[in-house]
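A short reminder: the numbers here are calculations on the coordinates, not readings from a lab. Note that this is a predicted model, so its numbers are computed, not measured. Cβ: placed from backbone, ideal geometry, glycine included. Neighbour counts: every protein chain shown.
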Amino acid sequence: MGKYTTILWDLDQTLLDFDRSMNYAIRAVFTKYALPIDEEIVARYDAINRDHWNRLERGEISKEEVKTGRFRVLLEELGIKQIEPEEIAARYQEELGSVYYYIDGAKELVMKLKELGFRQYVVTNGVNATQSNKMKLSGLDQVMDGVFVSELMGCPKPMKGYFDACFAALPEGARETCILVGDSLTSDMKGAENAGIASCWFNPKGKEKDLDVRIDYEIRQLRELLSILAVPS
């Protein structure tokens, strides 16, 4: 092993393909309620959803406001009044937690790292019940050494308090041998910077770095992490 022996994994869009699950869930819910759904509506929900999560990361709103508020905005824009946003939000979370899709190479990578003795944990801002279901369905609950969901930690990524709570539960000295791997600049890379740990930006589409944040490594494919960890591919 190299200098990193503890890996903090973001879950959505790093190990699991959240975009696919989101697309499935929003379509399933709208179909159940006989509501119109097309690519434009899915794209609009995606934008509203991202805005709400960004506001959560900045500490502007709560997780509960994220879960319901995004649907309140969407239903108002679509002129849908016959369904309460709380009802459709609850159904959406059920659907979102009922499916999973691995990012290419993710399952093989985490299994290999487990066999090699790396400690692996999930750090996520997602909804606890939904993330727990996806972890179980995907088998990641059998691979990871622990899961840190922000709503149970007192504050979300990227706040320093979130990571302080994580490291309080990890073995002594874990911070010095830890690297965080995630796709989000605002949540994961900023979080690693706030926590004082190494960071690896998973950037499969080669997006431009549009945030002034420290990044130690950048990868396009997950298997590139092996060289960073000094593991033969």
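For every helix of n ≥ 4 consecutive DSSP H residues, a contribution of -39,500 (n - 2.57) applies; sum these over the chain, divide by its total residues, and give [θ] at 222 nm rounded to the nearest 500 deg cm²/dmol. Don't skip to the answer; put the middle values down first.
Values: 10 runs with 107 residues, N = 233.
It lands at -14000 deg cm²/dmol.
Straight-line reach only, C-alpha to C-alpha below 15 angstrom: list the aspartates and glutamates that Lys134 could link to, leaving out same-chain residues fewer than 8 apart.
The qualifying aspartates and glutamates are Asp10, Asp12, Asp17, Asp19, Glu94, Glu95.
Give Lys32/Lys136; Lys32/Lys107; Lys32/Lys114; Lys3/Lys190; Lys3/Lys207 a once-over and call out the pairs whose C-alpha atoms are over 30 Å from each other. Provide the component values of the computation, followed by the final result.
Values: Lys32/Lys136 25 Å; Lys32/Lys107 32 Å; Lys32/Lys114 40 Å; Lys3/Lys190 21 Å; Lys3/Lys207 28 Å.
Cα-Cα > 30 Å for Lys32/Lys107; Lys32/Lys114; rest within.
Is the shape of the range 18-96 rounded, prolate or oblate, going by the alpha carbon gyration tensor and its root eigenvalues a ≥ b ≥ c, with a/c under 1.5 for rounded and a/b larger than b/c for prolate?
Taking the square roots of the gyration eigenvalues as a ≥ b ≥ c, the range 18-96 is prolate.
Hey, if you put +1 on the Cβ of every Lys and Arg and -1 on every Asp and Glu Cβ in the range 138-191, which of Gly139, Ala169, Met189 ends up farthest toward the positive end of that dipole?
Final value for the positive-end residue is Met189.
With the dipole of the chain worked out from charges on the C-beta (+1 for Lys and Arg, -1 for Asp and Glu) around the Cα centre, which of Val213, Leu116, Phe71 lies farthest toward the positive end?
The Cα lying farthest towards the positive end belongs to Leu116.
Taking the Cα centre of each part, how many Å lie between the range 74-130 and the range 5-55?
After rounding, the separation between the Cα centres reads 8 Å.
With charges set only on the Cβ (+1 for Lys and Arg, -1 for Asp and Glu), what does the dipole of the chain come to about its Cα centre, in debye to the nearest 20? Working shown, then result.
Working: 30 positive and 38 negative charges, 77 e Å.
For the chain, the charge dipole is close to 360 debye.
Taking Cα atoms of the range 115-233, Rg/Rh with Kirkwood Rh, to two decimals? Mind dumping the intermediate values first?
Values: Rg = 14.2 Å, Rh = 15.1 Å.
For the range 115-233, the value is 0.94.
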